[in-house]
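Down below is the structure, laid out as structure tokens.
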Amino acid sequence: MADLSHTDPDRGLASYACHESASLGRVHREPAPAGHRGEYERDRDRIVHSNAFRRLVYKTQVFVNHEGDLYRTRLTHSLEVAQIARSAARALALNEALSEAICLAHDLGHTPFGHAGQDALNECMRDYGGFEHNLQSLRTVDQLEERYAEFSGLNLTFECREGILKHCSLKNALLLGDIGKRFIERRQPSLEAQLANVADAIAYNNHDVDDGLRAGLITCKELSSIAIFARHYQEVELRYTSISERRLIHEVVRRMINEVVTDLIDVTGERLIGAGVRTVADVRDAGVPLVGFSERVATEHRELKQFLQERLYRHFRVVRMTTKAQRVVRELFRAYFDDFRLLPDEHRQAAEEQEEVSGLNGRARAVADYIAGMTDRYAILEHSRLYDPSVPQG
Ligand code: MG
């Protein structure tokens, strides 16, 4: 049998990639993982086995979960993001396991009902410290998961946690210690974190085109005003004159993703050389993110995003759904916050404990944690249990 005990997880990495040997480590010290996997692989495995990760399957991206089985959910979105980031990480000799772990965790703190849910919860939390989904993802892996005997949360490495915290208000950064420092010092995160960020945008732009077309909310004709779509659409249509619309769309989306990922890899590679970057410290001090697109692709990508914003996310059928979803979140919050006896035991206990420490802010935070953890269907069910007398209490 092969001896795997000396596998070096840093082997083959570029000098500017995150090396495990230079990791800032975990908050709670732990023995190194067994020889067959590295520290970042352990992070990834902990994320995959978490409750929050499993719940992503019933959380929405754009469409509410029960609208159709073929639409992306947060789980399939996270997997697509990880796939894109891993391909690029490998091509650039960056740390694939770290980038994958960040991608799989990046949406763990997302509320039910996508951005609509998060906006509603943020509004409810306005007087109590606000709600940011990125920060909630970090809070989930740092505190909320209850799986280990020795600590709360997943005790992930600094590099993984840093990548999960994509944005953060200055006010919150000041409360976060080490992990918030870069927002105050205006330094960049690792290339693996930057990659996860761009992979996220590539994934949602492209799969929202696919889902939007499938739902009939946008059409190929409308999308033909967008350069990157039009170019590939014409190419595929010319070459394959008799394929079905479904295949045609898939072929176009596939080519769009390919084009932007290839551009991302080429341009980032050139930038790293051009900037004379040699180490992770150089990356952090570069002043700007080094992972990115060429000017042309960046413009086209923005154009597509703009289109989706105007035509898809603001389509009346989407707005009708998001308005309903926001009402559900607001009313759940109101009910629990006004009377925390309505919360299930463990969450009521958390609300009482946190209220003792930080007053109403604490109570509100415990309610927000509970709501943020809900899946779409659970939020809908729980809302009807609270507000509809004809629904059995279950
Ligand atoms: Mg995302």
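What follows is calculated from the coordinates using simple rules that are stated; it is not laboratory data. For clarity, every value in this text was computed on a predicted model and none was experimentally measured. No Cβ is skipped: glycine too gets one built from the backbone with ideal geometry, and neighbour counts run over all protein chains shown.
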Yeah, the stretch 42-192 with a ≥ b ≥ c from its alpha-carbon gyration tensor (a/c under 1.5 is rounded, else prolate when a/b outruns b/c, oblate otherwise) is rounded
In nm, what is the difference between 0.36 nm times the number of residues separating GLU222 and HIS115 and their Cα-Cα distance?
-> 36.1 nm
Would you mind calculating the relative contact order of the stretch 89-243 from Cα pairs under 8 angstrom and at least 6 residues apart, reporting the percent as a whole number?
-> 19
With labels modelled as points extended 7 Å from the Cα through the Cβ direction, what inter-label distance (nm, one decimal) is found for SER15 paired with ARG385?
-> 5.8
Would you kindly calculate the mean projected area, averaged across all directions, of the convex hull enclosing the Cα atoms of the stretch 271-341, in square nanometres?
-> 9.2
What nm distance separates the two modelled labels at TYR378 and ASP338, each placed 7 Å from Cα along Cα→Cβ?
-> 2.4
Taking N as the residue count of the chain, its alpha carbon Rg divided by 2.2 N^0.38 Å gives 1.04
VAL48 versus ARG317: modelled label distance in nm, points set 7 Å from Cα along the beta carbon direction | 3.6
Between THR7 and ALA281, Cβ-based FRET efficiency (R0 25 Å, step 0.05) works out to 0.40
So, relative contact order of the stretch 254-350 in percent, Cα under 8 Å, 6 or more apart, is 20
Two-site FRET efficiency, ARG327 against GLU352, from Cβ-Cβ distance with R₀ of 22 Å, rounded to 0.05 | 0.20
Most packed first (mean Cβ within 10 Å per residue), the peptides 172-182, 79-89 order as 79-89, 172-182
Take each of the peptides 382-390, 189-197, 17-25, 306-314, average the number of other beta-carbon atoms within 10 Å over its residues, and list them starting from the highest.
-> 189-197, 17-25, 306-314, 382-390
Heads up, the stretch 245-394 by the C-alpha gyration tensor (a ≥ b ≥ c square roots of eigenvalues; a/c under 1.5 rounded, else a/b over b/c prolate, else oblate) looks oblate
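What's the local net charge at ASP339, with K and R +1, D and E -1, over the other residues with C-beta under 12 Å away?
+3
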Add +1 for every Lys or Arg and -1 for every Asp or Glu among the other residues with Cβ under 10 Å from the Cβ of ASN51, and state the total.
-> +1
